[in-house]
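The structure appears below as structure tokens.
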Amino acid sequence: MLRFDPFRDVDSLTSAMLGASSGSDRAPRFMPMDLYKVDDHYVLSADLPGIDPGSIDVDVDRGTLTLTAHRSAPESTGVQWITSERFAGTFRRQVSLGDGVDTERISASYDNGVLSITIPLAERAKPRKVDIAHGDIAAEQKSIAHEST
């Protein structure tokens, strides 16, 4: 008995357009990450277990931070897979950076399968105290300006 599902083709098209489970099951799906702010910098932590540190690339170009990493597939010649849930291939994430970050001082480290990127705030974006002139000082500044003309 054949069942007709009019939405199957729409679901397939939507999945393909949104990047959900396209390609083989062994292709990478995503790179989980956290992004948070601490004091005067942001910290991005991305999970990349089993990734060779030499394959990790962090680029900043025109306000976009791009993370790329590659996990090689295990040798499969003569192997009968029982379960294969660890994805191999190239992982990529992009994050838009605001104008308030110092892209020249971004730093990264990789430890225990976690890529940590520190994104410092630019000096112009850091909070600062603005001095307020009192009425007497403002009047003195005006009178000095009139005397000098």
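A short reminder: the numbers here are calculations on the coordinates, not readings from a lab. Predicted model, so just to flag it, every value in this text is computed and none were measured. Positions of Cβ are backbone-derived with ideal geometry, glycine not excepted, and every protein chain shown enters the neighbour counts.
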Calculate, in nm to one decimal, what Ile132 and Asp47 gain on full extension: separation in residues at 0.36 nm each, minus their alpha carbon distance.
25.9 nm
Please find the FRET efficiency linking Asp59 to Arg124, where r is the Cβ-Cβ separation and R0 is fixed at 25 Å, and quote it to the nearest 0.05.
0.60
Computed E for Asn112/Asp40 - FRET, C-beta separation, R0 35 angstrom, nearest 0.05
0.85
Distance between modelled label sites at Thr103 and Glu85, nm, 7 Å Cα→Cβ extension
3.9
